[in-house]
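Visitor: Below you'll find the structure I mean.
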Amino acid sequence: MLWLAVYFPHWLLQYQGYHQGLPRDSELALFERQSSQILIASSVAAKLGVETGQSLATAQALSPSLQLLAYEPSLSQEASHWLCQWSYGYSARVVPPVCPFQQVRQKKPNESPGLTDILLLEVGSMAKVFGGLERLISQYHKTAQGYGLECQFALGENALLAQLGARYRPMFWQAGEPSDDYKPLSQENEPLSQENTRLLQDNEPQGMSVASAYPQGAEIEEVAPEVLAHQAYGQEGLSQEELSQEELVQITLAQIASLPVSVLPLPQHVLQALENMGLTQVKALLTLPLKELGERFGETVLTLLACLKGQLPQVHEFYQVPESYRHKLALLYEVSHLEGLAFPLGRMLGTLSAYLVQRQQAVLALSLTLVFRDLNLAPLRCEIRYPFAEHRADALLKLCRVQLERLTLESPVTSLAIQADTLVALSVQTPHWWQGEGKSDASMRLLSLLEARLGADKVKGLENHSHHLPEQSWQSRSLSQNRLDAQGRKGASQDAMVSGSNLCAEPRASYQGKTRALSEEATLFTDLFHGLCDGRIRPNWLLRQPEPIAQESVSLLKGPERLHSPWSASPPRDYYLARRHHGGLCWVFRTPEGLFLQGWFG
């Protein structure tokens, strides 16, 4: 397997910054409630002197405009799920990043720590899909920039080497330039993050210089990341030549050998023992006999060296896309008006839209939960309905805002969550008249908007109902239920088609549909005329209950046609096609009680 390792140094902060709508140059810091100490600071705050381990008072004195975010285990889970979710569009094998703060809490004594803040993608099988690895990495980098994420890359067939390379020996990728600027790093000039720069400067021999990870003053273009993640490839600015996997230089063990031993994922007591023996670099560890290393340091060191050399396979736990969607966001501020929820809710629905596009699904309803500052108040839960199944971010937000207009906030909102369980297959409507009788996109949006404003009980559709009496042969039904039934029928028909020949199924269906529509249009008026004459055509509009009508007001044109109802319900009815003297074709029937109007032809 060929692995792409992506190191996100500030992914927890940037996850919050993106969903909260904070400027990218904001001074942010994550702190622990129990110790009231800084866990990590953004690049801007770090330049002002804010560091890990500082007290909150010291950090705020150094940076008066510092925004403090409390760390919660749920934050790392939500952020990791978010990273994996949009990365899933680039590879089906995604290994989630490990949160360093969660690892410290869960680590057992003498347990080897893992490499944190690094996401793994298996990209060897995706190279042809994207037209080359270079395009894949370039597109991934642009999407990450759209989310406001800083990242570093490394490529290799050894996952552990790629992880170490992404953090300490990353490739240089200049944003916004043609793809031939993607270069492997020489050992004389290797860009690193500030934390890793300090680490290597403290451990490397004199004479070796370390540069910054990204060019100073680099501007990031504001592009919707949901669009970037699903754009067509081969954009302007990218090389149109397909590159083989061998043309991209992969990280090697020789590049990792010059790193200090302290960067290896080993228990602290083992690292201390290695340092006491004078083993300060990885290359010194590689030259020692394995037998002596095992006797002195145990199996942990031998296992790590075998993984570095590719002699021992590594076990990874891949990200699994959940069957239902859940997303919770704690707000950095209290919101007293519904309009204040529009921006964070829009970002959350944008993420939901990307999830739906990946799975080729749409949502019929989602549950929105608002948590108030006053904990004595129960969280407000409301169901947002999309009767024709929606997957676009703008349409999801529009109907959500319309339905929220009817609500009143009893207290300021501190967090919100969305949950989508009612998912159906994505059905893209086509404007071609020969490809079916489905509603147009504009009409479906109008009906959805009417239902959102008036309520689900005010806007309904009609469906057939098996009954002898015409006035009881139809019933009203909610639009969402009609959609579910239609999806079920579509799924059943698709299953039946699969059992037959699938060769050229879509082009043949389109061609046959077009031919059939042309034929039907040519014979439409003939069929209508004969249908009216022999009684096969039924009226478009049926009255809720038959109404008495005077014999003198209509002229009977065709009939009678007897319809039998159950013997206990009503006597037989003789139906006629009639023309009213004031205009219009109607459907009437005669019983011993007189003449009754049943419906109108439209």
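Each value in this text was obtained by applying a stated rule to the coordinates, not by laboratory testing. Model, not experiment: these values are computed from the prediction. Don't worry about glycine lacking a Cβ; one is built from the backbone with ideal geometry, like all the others, and counts go over all protein chains shown.
Visitor: Loop only by DSSP, 10 or fewer other Cβ within 10 Å of the Cβ. Give me the trypsin sites (Lys or Arg not before Pro) in the stretch 1-74 that pass, ordered by residue number. Each step should come with its number before you reach the end.
Guide: Numbers: sites: R24, R33, K47; in loops: R24, R33.
In loop regions of the stretch 1-74 (DSSP not H, G, I, E or B), the sparsely surrounded trypsin sites (Lys or Arg not before Pro) are R33.
Visitor: Extension gain V321-Q360, at 0.36 nm per residue separation less the Cα-Cα distance, in nm?
Guide: Here the segment from V321 to Q360 would lengthen by 12.8 nm.
Visitor: Just list whichever of K47/K142; K128/K398; K128/K328; K328/K398; K398/K458 have alpha carbons separated by over 28 Å in the model shown.
Guide: Cα-Cα > 28 Å for K128/K398; K128/K328; rest within.
Visitor: Pick out, in residue order, every one of the GluC sites (Glu not before Pro) in the stretch 539-602 that is DSSP loop and has at most 12 other C-beta atoms within 10 Å; say none if there are none.
Guide: The qualifying sites are E593.
Visitor: Report, by chain and number, residues whose modeled amide H sits under 5 Å from the one on H10, excluding near sequence neighbours (fewer than 5 apart, same chain).
Guide: Those lying under 5 Å, H to H, from H10 are E150.
Visitor: Taking θ = phi - 60°, what integer Hz values does the Karplus form 6.51 cos²θ - 1.76 cosθ + 1.60 yield along the stretch 270-277, in sequence order, with x for Gly and Pro?
Guide: 6, 4, 5, 5, 5, 5, 5, 7
Visitor: Counting other C-beta atoms within 10 Å, and keeping those with at most 16, which DSSP coil GluC sites (Glu not before Pro) do you find in the stretch 132-169? Mind showing how you got there, number by number?
Guide: Numbers: sites: E134, E150, E157; in loops: E150, E157.
For GluC sites (Glu not before Pro) across the stretch 132-169 that sit outside H, G, I, E and B with at most 16 neighbouring Cβ atoms in 10 Å, the list reads E157.
Visitor: Tell me which residues come under 5 Å, amide H to amide H, from Q67 once H is placed; ignore anything under 5 positions away on its chain.
Guide: Those lying under 5 Å, H to H, from Q67 are E27, L28, A29.
Visitor: Same structure, new question: For the stretch 334-453, build the charge dipole from Cβ charges (+1 Lys, Arg; -1 Asp, Glu) around the Cα centre, then report which of A425, L345, S448 sits farthest towards its positive end.
Guide: A425
Visitor: Tabulate in residue order the Karplus-calculated ³J(HN,Hα) for the stretch 582-592, using 6.51 cos²θ - 1.76 cosθ + 1.60 with θ = phi - 60°, rounded to whole Hz; enter x for Gly and Pro.
Guide: Values, residue by residue: 7, x, x, 8, 9, 10, 10, 9, 10, 10, x Hz.
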